Amino acid sequence: MDNLVLSNLKVLLRSTPEEWLAATDGTATLVTGTDAEHSLEWLNREYGSAFAAIHAFPNYTMNDAVLKHLDKIVAKGNFRRIIAMSEADVMRASLLRERHGIPGLTWDQALHMRDKYLMKQPLKELGIPVPRARKVRNALDVVDFAAEVGYPIVLKPVCGAGSMHTYVIESEKELDDVLEDGYFSGFIVDKMPVLLAEEFIQGQQYRVDGFYADGKCQYITAARLIGTNLEFLSGRHFANALLDAGSELSEKITSFARNVLESALPFGPEGMFHMEVWQRPNGEIVFGEVGARLGGISIFEENRFGFEVDYKMAAVRALCGLGTPDWPSPAELQRRFAGHVVISPQAGFLESVPQSCPFDWVVDYKCKPAGQRYSLMRASNDEVAMIMVTGSSEHEVENRLQEAAQWFYDTAVWSE
């Protein structure tokens with residue numbers, strides 16, 4: 001029996017054909033996307049050795065016909081598992097599992113890992129701290145919610161991704177600005193939208209990433225977020241820095257995450273996960289949201305530099321039924337402190353961009369080509385540059401991330 005791997009093009013290309021081959025033993029079927037530079041012919045030529053077959057579709061994330069074609073692929077195959085690598089594939093995979101009797105997250109279970117309102121309800125029942133939230137369908141619903149919890153509040157789609165259409169509303173004036181731009185009307189044609197209003201949590205944000213296989217947590221790490229996704233979308237930068245895996249804070253955050261996944265949500269437990277949490281000034285950890293997929297931007301690469309393991313490919317291998325890693329605890333596994341910063345494009349023409357980074361503590365640097373016009377991102381997944389750094393402490397890494405971002409701003413040349 002083979003396995004079916006669903007992955008957008010970006011997640012696929014961030015690992016080499018050799019790495020995919022080692023993870024799948026060449027027995028998995030891949031379903032992915034195409035773009036102007038990566039046709040099906042290119043994919044077969046470059047990645048064909050890693051997979052038993054490759055199916056690829058344009059506009060992969062937003063293409064509803066992908067599910068229709070997937071249904072035919074699964075019906076003709078004999079698949080052991082369906083492995084969803086990216087957000088767009090979580091619900092696709094759940095529908096196919098139910099329809100064809102394949103183990104893994106069902107539609108209702110997967111919805112708890114996508115619906116930002118639904119996922120919080122079982123946590124509330126267990127007394128796990130979550131932000132106050134309400135589904136909203138119009139401006140009056142938002143006004144009532146703001147009167148109840150006070151500003152600031154957050155407005156976002158219930159099942160959004162990449163921070164699209166997400167706003168932090170600091171005041172009634174800011175709410176008026178968002179409403180006057182047609183926040184609700186922009187979502188509807190002939191039906192009322194269901195969006196989410198949520199209490200804004202004051203404090204420090206963290207992320208937790210890893211995977212489960214064979215019914216237990218195989219890998220889990222935590223990192224501090226510096227800046228926000230919304231600042232990233234508006235044209236600035238967004239940084240992540242790994243915590244000391246042996247610290248009390250890391251243990252507190254990862255234990256919180258495991259409790260959510262193992263006790264509150266119908267996670268399985270099996271699969272990859274990416275969770276965001278907050279720590280209030282009083283030390284309380286508050287749940288943000290979670291996805292049943294690989295963390296975005298360069299999270300797995302950051303872990304690879306910090307822990308010298310590739311948990312992305314280890315997860316794929318385990319979910320393909322090819323064995324789980326025999327790794328020690330994260331505290332024993334951690335080799336160095338690492339972090340990365342992603343920089344969003346400006347709305348303009350990129351005249352020139354540095355091809356290398358001058359700091360010896362930069363271990364990876366990627367940038368989009370100059371000589372092209374860019375626009376502000378619609379979702380937090382299309383950075384113009386990524387810089388990975390290491391250091392001797394969390395504090396040193398965070399300082400270096402800021403220095404690296406400023407270096408890029410000082411050296412990249414934009415024009416209108």
Long-range neighbours under 7 Å by Cβ, at least six apart or interchain, first residue modelled with pLDDT of 95 or more within segment 307-323, second among the aromatic types (Phe, Trp, Tyr) and surrounded by fewer than 20 Cβ atoms within 10 Å (Cβ to Cβ): 309/327
Conditions (1) within 22 Å of residue 221 (Cβ to Cβ); (2) modelled with pLDDT of 95 or more; (3) within 23 Å of the chain's Cα centre (by Cα); number of the one not met by residue 365: (1)
Any hit, segment 330-346, residues being touching a residue at least 12 places away in the same chain (Cβ under 8 Å), within 27 Å of residue 310 (Cβ to Cβ) and of a type in the set (Phe, Trp, Tyr): yes
Test set (1) open to solvent by less than 10 Å² (accessible area, probe 1.4 Å); (2) of a type in the set (A, V, I, L, M, F, W, C); (3) in a strand (DSSP E or B) - residue 267 fails condition number: (3)
Residue ID - nearest to residue 61 (Cα to Cα), chosen from residues in segment 169-195 that are surrounded by 15 or more Cβ atoms within 10 Å (Cβ to Cβ) and modelled with pLDDT of 80 or more: 195
Scope segment 390-416; condition over 16 Å from residue 342 (Cβ atoms), of a type in the set (S, T, N, Q) and either part of a helix (DSSP H, G or I) or open to solvent by 30 Å² or more (accessible area, probe 1.4 Å) (or both); matching residues: 392, 393, 399, 411, 415
Pair list, Cβ < 9 Å and 6+ apart or interchain, from segment 51-70 residues that are touching a residue at least 60 places away in the same chain (Cβ under 8 Å) to residues that are assigned to a helix (DSSP H, G or I): 70/92; 70/93; 70/95; 70/96
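Somewhere in segment 155-164, is a residue of a type outside the set (A, V, I, L, M), at pLDDT 90 or above and under 22 Å from the mean Cα position of the chain (by Cα)?
Initially, segment 155-164 is screened for residues of a type outside the set (A, V, I, L, M), giving 156-157, 159-160, 162-163.
Still in the running and at pLDDT 90 or above: none.
Scanning segment 155-164 turns up no residue that is of a type outside the set (A, V, I, L, M), at pLDDT 90 or above and under 22 Å from the mean Cα position of the chain (by Cα).
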Any hit, segment 376-384, residues being within 21 Å of residue 221 (Cα to Cα), modelled with pLDDT under 95 and open to solvent by 40 Å² or more (accessible area, probe 1.4 Å): no
Failed item, numbered, when residue 26 is tested on (1) open to solvent by 10 Å² or more (accessible area, probe 1.4 Å); (2) in contact with a Lys or Arg (Cβ under 9 Å, 6 or more places away or on another chain); (3) assigned to a loop (DSSP other than H, G, I, E, B); (4) not acidic (Asp, Glu): (2)
Matching residues in segment 307-349 - criterion: being open to solvent by less than 30 Å² (accessible area, probe 1.4 Å) and among the hydroxyl-bearing types (Ser, Thr, Tyr): 311, 344
Residue that is farthest from residue 382 (Cα to Cα), among those in segment 7-23 that are open to solvent by 10 Å² or more (accessible area, probe 1.4 Å) and in a loop (DSSP other than H, G, I, E, B): 16
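The values are calculated or read from the model by the stated rules, or taken from the named source; none is laboratory data. Worth saying up front: this structure is predicted, and the values here are computed from it rather than measured. Heads up, the Cβs are rebuilt from the backbone with ideal geometry, glycines too, and the neighbour counts pull from every protein chain shown. The accessibility values were calculated without ligands, DNA or RNA, using every heavy atom of the protein model including side chains. Shrake-Rupley method; radii C 1.70, N 1.55, O 1.52, S 1.80 Å.
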